[in-house]
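The values are calculated or read from the model by the stated rules, or taken from the named source; none is laboratory data. Worth saying up front: this structure is predicted, and the values here are computed from it rather than measured. All Cβ positions, glycine included, derive from the backbone under ideal geometry; neighbour counts span all protein chains shown. Accessible surface areas use protein heavy atoms only, side chains included; no ligands, DNA or RNA. Shrake-Rupley method; radii C 1.70, N 1.55, O 1.52, S 1.80 Å.
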Amino acid sequence: MREEKIVPRIGYACLTVGVEGTQFKTLTLKNATPEKITAIISHNLDALEAIIDYNGKNGIRLFRITSDLIPLSTLPQNTVPWATLFQERFAAIGTKIKKTNQRVSMHPGQYTVLNSPDENVVGKAIEDLEYHATILELLGCDQTSKIILHVGGAYGDKIQAMERFKTNYLRLSDKIKKHLVIENDDRVYTIEEVLTLGEALNIPVVYDNLHDAVNPSPNREEPISYWVDRAEATWKKADGRQKTHYSQQDPTKHLGAHSATIDLDVFMQYVKNLGRTDLDFMLEVKDKNISALKCHNAFRADQKMIHLENEWARYKYLVLAKSPKNYQLIRTLLNDKRSYPVELFYRLVDEALNTPSDFGHEVNALEHIWGYFKTCATETERRRFEKLLEEFKNTGTSLPSLKNHLYKLATVHHENYLLQAYYFNEIR
DNA sequence: TGACGTCAAGATCCG
DNA sequence: CGGATCTTGACGTCA
């Protein structure tokens, strides 16, 4: 029997880009009523289920669930007994997660601080961790589903602050401890310090590459693989495979800011340098599932042209609107159905997307898409398209209105091929 | 007191 | 009304 190729799982955090029905809703305190809270939870569970469905369909096996699933989750103003009220919805979604073999996690933000000297802050942090653990329990997740936490503040005395983390960790319920893992952050706790804590407390450690680049331990010479391997040793069998965070610096933003998309060449070189593929990568990137699919396709076990063709279906009009040259190059590239030119494919796609907008190319793409409706559109639909197109040609504005119009046409006329296009991401 | 990070809600203005 | 463009919220730490 042939041995199964070990491939990394690659996931994304909280939200999708360009997937219908996956938008979460929030609520401000001053508008909070039990009715509104209940309605939003119900809506958000539908959105979560839509994301889980999307992941299942697209081979994504790693996903972080948003902490905003329940609005105002730990505030006294939220009096809705949501855990019992939505028990069955959670269980149903949990069943889907298990059936599609997804590993889900959660990640309280920088404001959940377990090592604060302020007991009030610690109390709220524990409550927040209980909330996160409750979500995972309701979904029926096992110990391989993790809650990723930062160590917290330094308060002028890091050694003492780390001791306080240990003391407060021991106060946590088993329900939390079962899922809790710790991660290096980009301002205070380096990977070396987090490993010290993790090794002392027997807590798995998540290595975050960008945090490490921004906040490295002083005078170190070890390669990244050293820290990743040392973190690997903190993962027990029951915790599942080692999980890491991966992101790239946005060159236009401040140090530590996540990039718009993942540069696949850079990511592949990173993995190559690690010398391992038996680990999970949670991507932290603006374009979310789009980059996750890109990286997943690069490492997936079944490297078949069909996966690139599916991607091409989503990207093609966006590419056409930017670079007809790359559009043609990609079409040719995908001709050989036995090949799998994944790196070149995404290089050409991303190169096109990074090309400055060209008016003529935008019009070309618009007319190309209009071709779907030429024969089936009503007279009103045709007039509106022509009016907006004229306006765009004359003034350069109303491109979003045009896209909106075309997207609505695609909905009305059931052009499912168009509905999935990344071309419509900004207006969906 | 504002920056930090995050994303949707809410406000406001335009045509 | 659709659409564009701010501003606010909810959290804790640190300069």
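Observations on the structure shown:
- Listing of helices (runs of 4 or more DSSP H) fully contained in the range A:374-426 that carry 3 or more residues being open to solvent by less than 80 Å² (accessible area, probe 1.4 Å): A:379-395, A:399-412
- Among the candidates A:A321, A:A231, residue that is within 16 Å of DNA strand C (Cβ to nearest atom), outside any strand (DSSP E or B), open to solvent by less than 10 Å² (accessible area, probe 1.4 Å) and not β-branched (V, I, T): A:A321
- Per-region count, the range A:252-261, residues under 17 Å from A:Y207 (Cβ atoms) and either in a loop (DSSP other than H, G, I, E, B) or without any contact (Cβ under 8 Å) to a residue 12 or more places away in the chain (or both): 1
- Some residue of the range A:344-355 being open to solvent by 10 Å² or more (accessible area, probe 1.4 Å) and outside any helix (DSSP H, G or I): yes
- Of everything listed in (1) under 19 Å from A:E426 (Cβ atoms); (2) within 16 Å of DNA strand B (Cβ to nearest atom), the single unmet condition for A:K387 is (1).
- Of all residues in the range A:324-343, those satisfying the criterion of being of a type outside the set (F, W, Y) and open to solvent by less than 20 Å² (accessible area, probe 1.4 Å) are A:N326, A:I330, A:L334, A:V342.
- In the range A:241-266, the qualifying residues are those that are open to solvent by less than 20 Å² (accessible area, probe 1.4 Å) and closer than 15 Å to A:D280 by Cα, and the one that is farthest from DNA strand C (Cβ to nearest atom) is A:Q242.
- Test for A:V121: is it open to solvent by 30 Å² or more (accessible area, probe 1.4 Å), within 13 Å of DNA strand C (Cβ to nearest atom), out of contact with any Ser or Thr (no Cβ under 8 Å at 6 or more places or on another chain) and hydrophobic (A, V, I, L, M, F, W, C): yes
- Considering only residues in the range A:151-169 that are in contact (Cβ under 8 Å) with a residue 24 or more places away in the chain and in a loop (DSSP other than H, G, I, E, B), the one that is farthest from DNA strand C (Cβ to nearest atom) turns out to be A:V151.
- For the range A:276-318, a residue qualifies if it is of a type in the set (S, T, Y) and surrounded by fewer than 19 Cβ atoms within 10 Å (Cβ to Cβ), and exactly one does: A:T277.
- Single residue of the range A:86-115 satisfying the filter (more than 16 Å from DNA strand B (Cβ to nearest atom) and among the polar types (S, T, N, Q)) that is farthest from the chain's Cα centre (by Cα): A:N115
- Spans of helices (runs of 4 or more DSSP H) in the range A:6-108 with at least 2 residues open to solvent by 40 Å² or more (accessible area, probe 1.4 Å) and of a type in the set (K, R): A:34-58, A:87-99
- A:K408 falls short of the stated requirement of being more than 30 Å from A:A298 (Cα to Cα) and more than 30 Å from the chain's Cα centre (by Cα).
- Identity of the residue in the range A:197-228, hydroxyl-bearing (S, T, Y) and under 26 Å from A:I6 (Cβ atoms), that ends up surrounded by the most Cβ atoms within 10 Å (Cβ to Cβ): A:Y207
- Hits in the range A:332-343 (condition: in a helix (DSSP H, G or I) and under 22 Å from A:R300 (Cα atoms)): A:L333, A:V342, A:E343
- Scan the range A:154-184 for residues that are within 16 Å of DNA strand B (Cβ to nearest atom) and crowded, with 21+ Cβ neighbours inside 10 Å and the total you get is 2.
- Identity of the residue in the range A:131-150, within 15 Å of DNA strand C (Cβ to nearest atom) and under 26 Å from A:I191 (Cα atoms), that ends up surrounded by the most Cβ atoms within 10 Å (Cβ to Cβ): A:L149
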